[in-house]
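Read the structure below first, then the notes.
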Amino acid sequence: MTPLFSDTIVALSTPPGAGALAVVRLSGPSAVDITAAVFSKKSFAAAAGHTLHYGAIREAGGELIDEVVVALYRAPRSFTREDVVEISCHGSDYVVRQVLALLLRHGARLAEAGEFTKRAFLNGALDLAQAEAVADLIAADSALSHRVALNQLRGGFSQELRDLRGRLIKFAALLELELDFGEEDVEFADRTGLAHLLAEVRGVVAGLLRSFELGNVIKNGITAVIAGRPNAGKSTLLNALLREERAIVSAIPGTTRDFIEDEVSIEGLRFRFVDTAGLRDNPADEVEAIGVSRTRQRVRQAALLVYLFDLAELSPAQVHTEIAELTAGLDLPVLAVGNKADLATAEQLAAFEQAFRQAERPGAAPMPLVLLAAGQNQGLEALQAALVAQVRGSALENTASATIVTNVRHARALETAASHLAAVQAGLDTGRGTELLAADLRHALAALGEITGEISSEDLLTSIFTQFCIGK
Ligand code: GDP
């Protein structure tokens, strides 16, 4: 295979700044020669791939820059499928600058953002969805986002898309048959068979699209608003969840005037908790009034509402009423959390729970209720379990597919494919001409092909890879 690129790129692949080590990476046909020109180890130029070499990097005048370890990967057994050299030097900005400058003087070119991964894609080492997973994997900061990115990188999603395209191509072939034999009135592509295949494919696409909801949650976290009357213990609960004194805890009602946000990872899911100013019907002053209206606004934007109340202050019926007011017109999962359980007896708590169930709207799904004492760090595990169950329950049960779509670009392409498939369906139902069906089908296939990069444009590639950092 003739190489696609004639130039050799170089960049710092570890984060800038002081560290024990820094890795400078080269990729391209001259990666080995350029390194050999500045590296003391004479056998390097002819060395086999997948080997490590210890030696010195020197200026042209012989001045020592650093002692380094060089890893050599020969094409095509490398990340980019080109010759790749990774120079591990000491992690000082000065050393890195000197090494980079020297390599540039010897003919390497500074890599653009994402250029290593872009070469890996263009040289066929990765498809586009896998290349994007590299960025996700680097950015992953929770167990779940890591697992999803890794699955995508290993080609799980790409395989699913290939299967899908395969089935659609089979469908297209049946239509072509019908086109060929249409005039002879041969029923190769019997309508029920076609409709069946189409329904199946549309189901898979819809499942992938639904998984995007969960994918978003995994990648970006879920926003949970903690709301309730002043003094219910919202700041205390937030602090307990974050295990640090971020919110202002105060015994004076209505002191939490602004929003305090922070993130906490529970069982691999990232929750972004938002504490709100106390909700009250008659704000005591103007500042508080602004807080209340903004609270309602925040509730509207939240993915989950944690309604916190003081068990001694509100009756179960009042809790239901306040939640109903707060969520009027919204389709929002709610967790009711009764606080200050330490001040109640076990009998009182049991009675509360029973009355809470009785006050529930008949026919409605039971609202999760957790009784705890935030101030004593009691019952937090039950709350965390309820939070995770709430998210998993609403998002995961809709996701039959093992693949979880996390990328907005992929979701858009799937939406496009879904709308073209819907057009095919409509065409089948109304007996549209086979040519028109085939055209819609081609559009759907193209949309799916864009995800893995079987169909791509320079603009698309540029917009994807410039989101990467230099050196990736
Ligand atoms: P907020 O206005 O809803 O943010 O309420 P705060 O978090 O400021 O708490 C109001 C008061 O309730 C403070 O004096 C807390 O110490 C107290 N408090 C919070 N949680 C508990 C709890 O679990 N048990 C008891 N006994 N008091 C609590």
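From the list Glu267, Glu244, the lone residue that is over 21 Å from Leu332 (Cα atoms), modelled with pLDDT of 75 or more and more than 12 Å from the ligand (Cβ to nearest atom) is Glu267. Within region 429-447, the residues that satisfy the criterion of being touching a residue at least 24 places away in the same chain (Cβ under 8 Å) and surrounded by fewer than 15 Cβ atoms within 10 Å (Cβ to Cβ) are Glu435, Arg442. Applying the condition of being under 22 Å from Ser92 (Cα atoms) and hydroxyl-bearing (Ser, Thr, Tyr) to region 32-68 and asking which residue is surrounded by the most Cβ atoms within 10 Å (Cβ to Cβ) yields Thr35. Does Ala365 meet the test of being in contact with a Gly (Cβ under 6 Å, 6 or more places away or on another chain) and either at pLDDT below 95 or not in a loop (DSSP other than H, G, I, E, B) (or both)? When the stated conditions are applied, Ala365 does not pass them. May I ask you to verify whether Ile455 is of a type in the set (Val, Ile, Thr) and at pLDDT below 90? Considered against the rule, which asks whether it is of a type in the set (Val, Ile, Thr) and at pLDDT below 90, Ile455 comes out as yes.
Would you check if Gln358 is within 16 Å of the ligand (Cβ to nearest atom), over 24 Å from Ile451 (Cβ atoms) and of a type in the set (S, T, N, Q)? Let's see the steps before the verdict.
Working: within 16 Å of the ligand (Cβ to nearest atom): no; over 24 Å from Ile451 (Cβ atoms): yes; of a type in the set (S, T, N, Q): yes.
Here the answer is no, as Gln358 does not meet what is asked.
Checked against (1) among the hydrophobic types (A, V, I, L, M, F, W, C); (2) without any contact (Cβ under 8 Å) to a residue 12 or more places away in the chain; (3) within 20 Å of Thr8 (Cα to Cα), Leu64 passes all but a single condition, namely (3).
If I filter region 133-145 for residues that are of a type in the set (D, E, K, R) and surrounded by fewer than 18 Cβ atoms within 10 Å (Cβ to Cβ), do I get at least one hit?
yes
Which count do you get for residues in region 339-376 that are among the polar types (S, T, N, Q) and under 19 Å from Ile226 (Cβ atoms)? So the count comes out to 2.
Tell me, yes or no, whether region 423-435 has at least one residue that is of a type in the set (Asp, Glu) and within 19 Å of Ala206 (Cα to Cα). Write out each step before concluding.
Keep residues of region 423-435 that are of a type in the set (Asp, Glu), which gives 429, 435.
Next cut, within 19 Å of Ala206 (Cα to Cα) only: none.
Within region 423-435, not a single residue is of a type in the set (Asp, Glu) and within 19 Å of Ala206 (Cα to Cα).
Within region 368-405, the set of residues being at pLDDT below 85 and either within 16 Å of the ligand (Cβ to nearest atom) or of a type in the set (Lys, Arg) (or both) comprises just one member, Arg392.
Among the residues of region 76-93, write down those that are in a loop (DSSP other than H, G, I, E, B) and crowded, with 18+ Cβ neighbours inside 10 Å. Residues satisfying the conditions are Ser78, Phe79, Thr80, Arg81, Glu82, Asp83.
The values are calculated or read from the model by the stated rules, or taken from the named source; none is laboratory data. Since this is a predicted model, take the numbers as computed values, not measurements. Because the Cβ atoms are built from the backbone with ideal geometry, glycine has one as well, and the counts that use them run over all protein chains shown.
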